[in-house]
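The block underneath contains the structure these notes are about, expressed in structure tokens.
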Amino acid sequence: MKKDDCIFCRIAAGEIPSNTIYEDGEFRVILDLAPASKGHALILPKEHYADIYEIDEETAGKAMKLAKRMTTHMTKALACDGFNILQNNHEVAGQTVFHFHIHLIPRYQNAKNNDILMWSHETFTEEEMAQIRDSLKVK
Ligand code: AMP
Ligand code: ZN
């Protein structure tokens, strides 16, 4: 289902122009408007899913397969030195456009902003780690 007030639905459908680098029946891959690096791209499903919670497993799997293909292709084309694949869900996690998308972020050894994805670390006691592990075990 397409959502009329969703910018990524409209871009994915081709109603709003974008710098498209790949398109098939289910996905469009576009260059990010405010790139973190040269070649930063976004995989957009053509159907509207707000986030990882809404998207079905099959489509999520296809999106990840496409991420693998695009990463291989883009690494060759850009001669980049590494790659981040990133996907944000909900505002607290940095999501700003509420249509599921996967970031493809090429990384370069000599880039000026190589700390773009650095995070600080939290520490937990062994006991806390055991509690976390137990609460997260998939049964
Ligand atoms: P996120 O913060 O994970 O929701 O990512 C949204 C991304 O979409 C950001 O990196 C924005 O720069 C990018 N973005 C927003 N609007 C557009 C647009 N019209 N065309 C291309 N990229 C966009
Ligand atoms: Zn949408």
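A few points about this structure:
- Backbone geometry of segment 100-106 corresponds, through the Karplus equation with coefficients 6.51, -1.76 and 1.60 at θ = phi - 60°, to 3J(HN,Hα) couplings of 2, 8, 10, 7, 10, 10, x Hz, x marking Gly and Pro.
- Point-to-point label distance, L136-R69, nm (Cα→Cβ direction, 7 Å offset): 3.2 nm
- Residues N84 and E15, FRET efficiency given R0 of 30 Å [Cβ-Cβ distance, rounded to 0.05]: 0.55
- Taking all protein chains as they are arranged and a probe of 1.4 Å, the heavy atoms of Y49 leave approximately 40 Å² accessible to solvent.
- In terms of distances greater than 29 angstrom between alpha carbons, the cross-link table entries K3/K68; K3/K65; K2/K76; K46/K76 yield K2/K76.
- Mean residue ellipticity at 222 nm, helices only, the chain: -9000 deg cm²/dmol; runs of at least 4 DSSP H residues each add -39,500 (n - 2.57), and the sum is divided by the number of residues.
- Distant-in-sequence amide H partners of F83 (H built 1.01 Å from N, under 5 Å): R107
- Phi-based couplings in Hz for segment 33-39 (Karplus 6.51, -1.76, 1.60; Gly and Pro marked x): 5, 10, x, 7, 7, 5, x
- Per-residue Karplus couplings for segment 114-123, computed as 6.51 cos²θ - 1.76 cosθ + 1.60 with θ equal to phi - 60°, are listed in order as 6, 9, 4, 10, 6, 10, 7, 10, 9, 10 Hz, Gly and Pro entered as x.
- Partnerless cysteines, meaning none of the other Cys C-beta atoms lie under 4.7 Å away, in the chain: C80
- Taking every protein chain into account, the 1.4 Å probe leaves R133 with about 130 Å² of accessible area, to the nearest ten.
- For I21, the amide hydrogen comes within under 5 Å of the amide hydrogens of V29, I30, L31, counting only partners 5 or more places away or on other chains and with H modelled in the peptide plane.
- Summarising the overall dimensions of the chain from its C-alpha atoms, the Rg and Dmax are 17.2, 53 angstrom.
- Accessible surface for S135 stands near 90 Å², nearest 10, in the context of the full protein assembly shown (1.4 Å probe).
- A Förster radius of 35 Å, combined with the Cβ-Cβ distance separating Y22 from M118, puts the computed FRET efficiency at roughly 0.75.
- Helix 126-136 axis, angle to the chain major axis (alpha carbon atoms, nearest 10°): 50 degrees
- Gain on full extension, evaluated as 0.36 nm per residue between C6 and E58 minus their Cα-Cα distance, stands at 16.5 nm.
- Relative to the longest principal axis of the Cα atoms of the chain, the long axis of helix 57-78 makes an angle of roughly 70 degrees.
The values are calculated or read from the model by the stated rules, or taken from the named source; none is laboratory data. In this text, all values refer to a predicted model and were calculated from it rather than measured experimentally. Here Cβ is always computed from backbone atoms with ideal geometry, including for glycine, and neighbour counts include all displayed protein chains. Keep in mind that these areas ignore ligands, DNA and RNA; they rest on the heavy atoms of the full protein, side chains included. Shrake-Rupley method; radii C 1.70, N 1.55, O 1.52, S 1.80 Å.
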